[in-house]
Amino acid sequence: MTATRAWGATAPTATLEPFDIDRRALRDEDVAIAIAYCGVCHSDLHAARNDWGRTNYPFVPGHEIVGTVSAVGAGVTRFKVGDRVAVGTLVDSCRHCDACEEGEENYCRNGSTGTYNGKDRIDGSPTFGGYSAGIVVAEPFVLRLPDNLDMAAAAPLLCAGITTYSPLKNWNVGPGTRVGVIGLGGLGHMGVKFAKALGAEVTMITTSPAKGEDAKKLGADHVLVSTDKAAMRAATRSFDFLLDTVPVKHDVSPYLFLLDKQGTLCIVGMIEQMEPFHSGLLLGGQRAVAGSGVGGIAQTQEMLDLCGEQGITAEIEVIPMSGINHAFERMERADIKYRFVIDMATI
Ligand code: NAP
Ligand code: ZN
Ligand code: ZN
């Protein structure tokens, strides 16, 4: 075991603070990673505050991890010391159910092991996330980071990236698809970039008119301010696919009106009870409300490779580790352009 510096929470109401955690001694299939950067996902904040009611403390967030390999176990074949690697939201799964065999470890029938707030499948120890100097992960869950990508700006690809890329791919978004991305934060801005990269006509749907000025930079064709009732009415039935990244309980009805017939609103944001909505909004036009949770390991690698080929990364604000509590406060106010990334050299 190696004592490793980390930042985490000891209670739902506590601010994040430094303490040491144990990282396990390398098993044959393990890769030890020196973490260079870790993105700050809104899920980190939800989990630190116990918004979902199942956080175990002490809790160390962080599942947008990039770094370099510092050691490998005897059985590791794909990585060597010094390689640029990445880890997302999963560090293990049962590896034998149909979902795992089809590369959908994120939907493992026996429950995948989260990078944080999970339980190691072998020794039952708690998993701690990437707000930490290092991490030990089994080789099948370690990803290759393309050489040309800036490490800090690539970190958010590991959750915000795959969480938006996966549904866009799975719902066959491409040329001719009219896509709206709701909520311009970490997930949303990557959703805009990927929808554009896939050839769709893309609209940013935001509550923050000021963010609209960035629309072109991010690649969006249009901006729709969701608090502007007239603009929302004018956009009735003009979308095929809506990606809903809103992180709080909300009413999807105003967005369902935006869907054309057979359109789908896919929830990737709020993971809790939602406001009720009228079923007529689904029946009229055969609309669907769907959901999607991160993505499998193979699809995550596919996404990273595409980002390498097309030079896609996140828009980031690099912060020192000590800035995390302030970053959480800003995230709660939607004051974010568009992802905080922690420089782990400052831990
Ligand atoms: P984020 O960076 O904080 O961005 C969320 C954005 O939603 C805000 O910037 C804001 O954009 C908009 N928003 C905030 N409050 C709103 C409200 N009351 N009504 C309408 N829009 C609002 O969060 P994130 O990291 O992208 O995460 C978003 C959500 O996805 C979180 O709940 C997170 O837990 C969840 N998540 C899910 C998965 C998954 O697998 N499905 C993976 C990662 C994260 P505007 O200013 O543009 O309105
Ligand atoms: Zn996340
Ligand atoms: Zn499985």
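Please treat every number below as a calculation from the coordinates, not as lab data. Owing to the predicted nature of the structure, the values given are computational and were not obtained by experimental measurement. Please note: Cβ atoms are built from the backbone with ideal geometry, for glycine as well, and neighbour counts cover all protein chains shown.
Aspartates and glutamates near K193 by alpha-carbon distance under 16 Å, same-chain residues fewer than 8 away left out - which ones?
List returned: E201, E213, D214, D221, D244, E302, D305, E309, E315.
Fewest Cβ neighbours within 10 Å first, please rank E213, E105, E201, E329 accordingly.
E213, E329, E201, E105
Quick one: helix 297-310 against the long Cα principal axis of the chain, what's the angle to the nearest 10°, folded into 0 to 90?
Here the helix axis deviates by roughly 70 degrees.
Which value, in debye to the nearest 20, describes the size of the charge dipole of the chain about its Cα centre when Lys and Arg Cβ atoms bear +1, Asp and Glu Cβ atoms bear -1, and nothing else is charged?
The calculation lands at about 580 debye.
List the residues, sorted by chain then number, that are 5 or more residues from G134 or on another chain and whose placed amide H is less than 5 Å from its amide H.
Hits under the 5 Å cutoff: I35.
What is the spin-label model distance, in nm, from A230 to R330 if the labels are put 7 Å beyond Cα along the C-beta direction?
3.4
Can you give the relative contact order of the chain as a percent, counting alpha carbon pairs under 8 Å and 6+ residues apart?
Relative contact order, the chain: 18 percent.
For segment 164-223 and segment 118-137, what is the centre-to-centre distance using only Cα atoms, to the nearest Å?
When both Cα centres are located, 33 Å separates them.
List the chymotrypsin sites (Phe, Trp or Tyr not before Pro) within segment 8-96 that DSSP assigns to loop and that have no more than 12 neighbouring Cβ atoms inside 10 Å.
Here the sparse-neighbourhood loop sites are W52.
Run lengths n ≥ 4 of DSSP H only: what is the helix-derived mean residue ellipticity at 222 nm for the chain, with -39500 (n - 2.57) per run over all residues, to the nearest 500?
About -6000 deg cm²/dmol.
On a 0 to 90 degree scale, rounded to 10, what angle separates helix 186-197 from the longest Cα axis of the chain?
Here the helix axis deviates by roughly 70 degrees.
Quick one: which of K216/K249; K249/K337; K211/K249; K169/K261; K229/K261 span more than 26 angstrom between C-alpha atoms?
K216/K249
Sequence gap at least 6, Cα distance under 8 Å: using those rules, report the relative contact order of segment 112-226 to the nearest whole percent. Provide the component values of the computation, followed by the final result.
On the way: 143 pairs, mean separation 19.0, N = 115.
Across segment 112-226, relative contact order equals 16 percent.
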